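Below is one structure; the comments refer to it alone.
The values are calculated or read from the model by the stated rules, or taken from the named source; none is laboratory data. Please read all numbers here as calculations on a predicted model, not as lab measurements. Cβ sites come from the backbone with ideal geometry, for glycine too, and all protein chains shown count toward neighbours. Areas reflect the complete protein model, heavy atoms only, side chains present, ligands, DNA and RNA absent. Shrake-Rupley method; radii C 1.70, N 1.55, O 1.52, S 1.80 Å.
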Amino acid sequence: MTGHDDQAEGALLAHLADADREYLLAQGVRRRFRADDYVLMEGDPSDHVHVLVSGWVRISKIVEDGREVLFGLRGPGEVLGELAAINGWARTVSCRAMEPCQVVQLTGVQFLAVLRARPEIAIATIKTVAVRLRAAENARVASAAYDVSHRVAVHLVRLAEEHGRTVPEGIVIEAGFSQEDMAGQVGAARRTVARALAVLRERGVVETGRKRVLIRRMHVLRALARSEPNGTQRP
């Protein structure tokens, strides 16, 4: 079982008392996935729910022009596929392992039975869905109202808060996302995101590397993230 300190912020398991957490994890079967394995596939009609015990996955969707757009990352303690189980929908996104992962897999019937048997787990599930809805709404507002530099700063601050690790030099984010992924999340062209990152590097705010971002001046990045909308700039 994943420890409390290892759980992603806002994760389902983080909202549960020990007894409810243990009850939920005992209802399913353990499965392991290798890096780059698909945990869930877009369009799949299955209703399995996965509780992520260890490892990180990327949530993405293939859009009409064939590009893969990254919607987010999920880490230990988070639940995958709960909406398909609750509503009977086909998968609308894919979940792919960024590193070796372990999950507890429940059928849709098992997951619904858990929600009925343990109201606190049902409430925790609602909380996790609410957090994701708020993040999606904030992303839409930012896309409409803020310039690209601001959106990149907001995105990096959020990643640092959710997935960052404190090191002597600052806060490091280690994840398998590219500039193309970031562009998809902030709603801008990749070259525009690259220019915004270049400005941050020149100012000594961040350092970027392969699958790694080091934030050296978090206070500057937060100030940029809090800056006013600029309706005159476009990506």
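Picking from GLY88, GLY28, GLY75, which is most flexible by a Gaussian network model of the chain using Cα springs under 10 Å?
GLY88
Expected output is a single nm value to one decimal: the length gained when fully extending between ARG203 and ARG116, i.e. 0.36 nm times separation in residues minus the C-alpha distance. What is it? Mind dumping the intermediate values first?
Values: separation 87, 0.36 × 87 = 31.32 nm, distance 5.32 nm.
Answer, rounded to one decimal: 26.0 nm.
Looking only at VAL213, VAL63, VAL29, which one moves most when the chain is put into a Gaussian network model with springs between Cα atoms under 10 Å?
VAL63
Gaussian network model of the chain, Cα springs within a sub-10 Å range: biggest mean-square fluctuation belongs to which of GLU42, GLU169, GLU180?
Its mean-square fluctuation being the largest, the pick is GLU169.
Assuming R0 = 30 Å, what is the FRET efficiency of VAL69 and VAL29, from their Cβ-Cβ distance, to the nearest 0.05? Let's see the in-between values first.
Values: r = 31 Å, r/R0 = 1.04.
It comes to 0.45.
By accessible area of protein heavy atoms, probe 1.4 Å, what ranking do TYR38, TYR23 get, highest first? Intermediate values should be presented prior to the final figure.
Details: TYR38 100, TYR23 65 Å².
The ranking, largest first, comes out as TYR38, TYR23.
Among LEU83, SER94, GLY187, which residue has its Cα positioned farthest towards the positive end of the charge dipole of the chain, with +1 placed on the Cβ of Lys and Arg, -1 on the Cβ of Asp and Glu, and the dipole taken about the Cα centre?
Towards the positive end, the residue furthest out is GLY187.
Rolling a 1.4 angstrom probe over the protein chains, ignoring ligands and nucleic acids, what is the accessible area of PHE71 in square angstrom, nearest 10?
In the full protein context, PHE71 sits at about 110 Å².
Can you give the FRET efficiency to the nearest 0.05 for MET41 and THR166, using r as the Cβ-Cβ distance and R₀ = 25 Å?
Plugging the Cβ-Cβ distance into 1/(1 + (r/R0)^6) gives 0.10.
How large is the convex hull of the C-alpha atoms of the stretch 1-130 per residue, in Å³?
Values: hull volume 12.7 nm³, N = 130.
Considering the Cα atoms of the stretch 1-130, their hull volume per residue is 98 Å³.
Can you compute the helix-only [θ] at 222 nm over the chain? Use -39500 (n - 2.57) per DSSP H run of at least 4 residues, normalise by all residues, nearest 500 deg cm²/dmol.
Numbers: 8 runs with 97 residues, N = 235.
Mean residue ellipticity at 222 nm (helix-derived): -13000 deg cm²/dmol.
Please give the contour-minus-distance gain from ASP18 to VAL109: 0.36 nm per residue of separation, less the Cα-Cα distance, rounded to one decimal in nm.
On the way: separation 91, 0.36 × 91 = 32.76 nm, distance 2.28 nm.
Full extension of this stretch gives 30.5 nm more.
Using a 1.4 angstrom probe on the protein heavy atoms only, line up TRP89, TRP56 by accessible area, largest first. Intermediate results must be reported in sequence, preceding the final value.
Details: TRP89 135, TRP56 60 Å².
If we order TRP89, TRP56 from most to least accessible, we get TRP89, TRP56.
Quick one: divide the alpha-carbon radius of gyration of the stretch 54-132 by 2.2 N^0.38 Å and tell me what you get.
On the way: Rg = 13.7 Å, N = 79, 2.2 N^0.38 = 11.6 Å.
Computed over Cα atoms of the stretch 54-132, the ratio equals 1.18.
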